[in-house]
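Novice: Handing you this structure, nothing more for now.
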Amino acid sequence: MTVDVQPRALAIDGAEPVRTDPWPTYDKGDVFIDEEDLDAALAAVRARLYFRYDQRPHAETQTGRFERDLAAFFGVPHALACSSGTAAIALALLALDLPPGSLVACPAFTFAATPSAILLAGHRPLPVECDDDLHLDVADLRRRLTPEVRAIVVVHMRGFASDMEAVCAAAREHGVPVVEDAVPALGARLNGRPLGTFGDAGAFSTQSDKSLNTGEGGFLVVRDPAAYARAVVYSGAYEGRMARHFDGVPPPGVDDLAMPIFSLRMDEIRAALARAMLRRLPERLAAHHRNYDDVAGRLADVPGLALRRPVADHAYLGEALVFRLPGADARTTAWTAAALRAEGIDARALGDPGDTNVRAFWNWRFLFPDARSARERYPATAARLDESIDVPLSANLTARDRDHLVEAVRKVLGARTGRP
Ligand SMILES: Cc1ncc(COP(=O)(O)O)c(C=O)c1O
């Protein structure tokens, strides 16, 4: 027996929307902050000591403690707090001491900050295609690894882990280091190990949309002590202050006077706020997985919708739902996202031709003066982005919000046939 389900009239056509209250996102103030976090920040303000390198021992500063807590959380020897995620990627690359102007590979699906950080570090970005699930395509990476390519920046875009085993194997064979842009995946794990700890360095952000929210900020984690010492100096530890990061152990022989300092430090107020949030990070991570698994589980059987497949079980953060409409062109996907917005869901078509979305590589005019030829150079990634829709999943999502999302997607996709 077949059940004839009538498509429902859509809000984009003037019918009743699924919801009228705003979709919860950080830029509307919907953030994962509690009184303990606010008290920590206020205590740091009241202490009147805002600069990390003052007369106090390193271990008594908020930034020093934050770095110690991060090293413990990630299970790495060294962490450096800095001013942003972009700064963290650039510092990680600078710390590798590559020849100036090196080619550095990165995925074509990432935020414009990734190639920007490569440029900031004095190098040249080399975008690489992404696969059907929008992960770095390791086969294409291997094809593009010429001797001029001196490092790889892999990105765990929208919280989904890249295949680190395959990326690191390709890097090892080519003899180049790997930096993880783990900015969108702070706290996510791949086979039990935190993202950001697979490569030579991992970069993170504490901008408001990330798992630790201090407005702006970032940090990197790194294993090699000499690379760490260089990153510390570049970040702005002048006149021997770098040695404070080594807890009385003689620091590696890095000549700080021979290096420029770029003033990319974190301040004490931010570090205090971030430390408090780090204590509650496991709670937030559990909320992200709960939200994502609920929504993805209920959308898995929707005809015409392809959810991103993770490279391993639960290898994602869960703060974004990215799905594709396989075979759809950019206009159809943009219409679908507009129809979802009309239903009250903040959906964005990643390849919308009417939107200067800087996650679409052809909009990186600083790298590709001509969008059309950029798309021709990376046809697979362009086609996948044209099919993709992104919905932010706040940690604060309620069961009602999740129900609305599932209902809106089913409603719009159920009525979509033949549109626009
Ligand atoms: C993949 C990726 N890398 C880097 C960044 C830059 O982080 P920040 O804004 O802290 O510089 C972002 C920002 O969202 C991002 O999504």
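Novice: For the chain, modelled as a GNM with alpha-carbon contacts under 10 angstrom, which of Ala320, Ala306, Ala72 fluctuates the most?
Specialist: Ala72
Novice: Over all pairs of distinct alpha carbons, what does the Kirkwood formula give as the hydrodynamic radius of the range 1-57, in Å?
Specialist: On the way: mean 1/r = 0.0581 Å⁻¹.
About 17.2 Å, per the Kirkwood formula over Cα pairs.
Novice: If you take the beta carbon distance between Glu16 and Asp301 as r and set R0 to 22 Å, what does 1/(1 + (r/R0)^6) give as a FRET efficiency, to the nearest 0.05? Intermediate results must be reported in sequence, preceding the final value.
Specialist: On the way: r = 25 Å, r/R0 = 1.14.
Here the calculated transfer efficiency is 0.30.
Novice: Then there is this: Short version: what are the Cα gyration tensor semi-axes of the range 35-279, square root of 5 times each eigenvalue, largest first, in whole Å? Before the final figure, lay out each step's value.
Specialist: Values: eigenvalues 178, 84, 41 Å².
After diagonalising the Cα gyration tensor, the semi-axes are 30, 20, 14 Å.
Novice: Moving on to the next point. Separation between the Ser373 and Ile33 pseudo-spin-labels, each 7 Å from Cα along Cα→Cβ, expressed in nm?
Specialist: Between Ser373 and Ile33, the simple spin-label model gives 4.6 nm.
Novice: Just need the relative contact order of the range 221-379 here, percent rounded to a whole number, with Cα pairs under 8 Å and 6+ apart.
Specialist: 12 percent.
Novice: Summing +1 for each Lys or Arg and -1 for each Asp or Glu, what net charge is found among the other residues whose Cβ lies under 15 Å from the Cβ of Ala300?
Specialist: Charge balance in the 15 Å sphere: +1.
Novice: Continuing with the same structure: Calculate, in whole percent, how much of the Cα-Cα pair population of the chain lies beyond 31 Å. Mind dumping the intermediate values first?
Specialist: Working: 35896 of 87990 pairs.
Above the 31 Å cut-off, the chain has 41 percent of its Cα pairs.
Novice: State, as an integer percentage, the relative contact order of the range 35-279 based on alpha-carbon contacts under 8 Å between residues 6 or more apart. Mind showing how you got there, number by number?
Specialist: On the way: 506 pairs, mean separation 65.2, N = 245.
Value for the range 35-279: 27 percent.
Novice: Can you give me the distance in nm between label points at Asp69 and Leu119, each placed 7 Å from the Cα along the Cα-to-Cβ direction?
Specialist: 3.5 nm
Novice: Would you tell me the accessible area of Phe51, worked out with a 1.4 angstrom probe on the heavy atoms of the protein chains, in Å² to the nearest 10?
Specialist: Rounded to the nearest 10, that gives 80 Å².
Novice: When all protein chains stay in place, what accessible area (Å², nearest 10, 1.4 Å probe) is found for Lys28?
Specialist: 110 Å²
Novice: Using θ = phi - 60° and the Karplus curve 6.51 cos²θ - 1.76 cosθ + 1.60, what whole-Hz ³J(HN,Hα) does each residue of the range 69-76 get, with Gly and Pro shown as x?
Specialist: 5, 5, 4, 5, 4, 8, x, 10
Novice: Quick one: check the C-alpha center-to-center distance for the range 210-285 versus the range 67-101, whole angstrom.
Specialist: If you average the Cα positions of each part, the centres end up 7 Å apart.
Novice: How much solvent-accessible surface does Glu376 expose, in Å² to the nearest 10, with a 1.4 Å probe and all protein chains in place?
Specialist: For Glu376, the solvent-accessible surface is approximately 120 Å².
Novice: Restricting attention to the alpha-carbon atoms of the range 52-181, what are Rg (one decimal) and Dmax (integer), both in Å?
Specialist: 16.1, 53
Novice: With θ set to phi - 60° and the Karplus curve 6.51 cos²θ - 1.76 cosθ + 1.60, what are the ³J(HN,Hα) couplings of the range 43-51 in order, to the nearest whole Hz, using x for Gly and Pro?
Specialist: 4, 5, 5, 5, 5, 6, 10, 9, 9
Novice: How many percent of the accessible area of the chain is carbon or sulfur, using a 1.4 Å probe?
Specialist: Details: 9020 of 17320 Å².
For the chain, the apolar C and S fraction of the accessible surface comes to 52 percent.
Novice: Given the -39500 (n - 2.57) contribution per DSSP H run of 4+ residues, what per-residue ellipticity at 222 nm results for the chain, rounded to the nearest 500 deg cm²/dmol?
Specialist: Numbers: 13 runs with 151 residues, N = 420.
Computed mean residue ellipticity for the chain: -11000 deg cm²/dmol.
Novice: Amide H to amide H under 5 Å from Ala15: which residues, 5+ apart in sequence or cross-chain, H placed 1.01 Å off N in plane?
Specialist: So Ala15 has HN proximity to Leu10.
Novice: Return one whole number: the accessible area per residue of the chain in Å², for a 1.4 Å probe. Intermediate results must be reported in sequence, preceding the final value.
Specialist: Working: 17320 Å² over 420 residues.
Result: 41 Å² per residue.
Novice: Another one. Taking 51 Å as R0, compute the FRET efficiency from the Cβ-Cβ separation of Asp255 and Arg290 and round it to 0.05.
Specialist: On the way: r = 50 Å, r/R0 = 0.98.
Here the calculated transfer efficiency is 0.55.
Novice: So if each residue of separation counts as 0.36 nm, and I subtract the Cα-Cα distance between Ala226 and Arg48, what length gain in nm does that give? Don't skip to the end; give the middle numbers.
Specialist: Details: separation 178, 0.36 × 178 = 64.08 nm, distance 3.25 nm.
Additional length available on full extension: 60.8 nm.
The values are calculated or read from the model by the stated rules, or taken from the named source; none is laboratory data. Just so you know, these numbers come straight off a predicted model, no measurement behind them. Ideal geometry is used to build each Cβ from the backbone, glycine not excepted, and the neighbour counts take in all protein chains shown. Please note that ligands, DNA and RNA were not included when accessible areas were found on the heavy atoms of the full protein model with its side chains. Shrake-Rupley method; radii C 1.70, N 1.55, O 1.52, S 1.80 Å.
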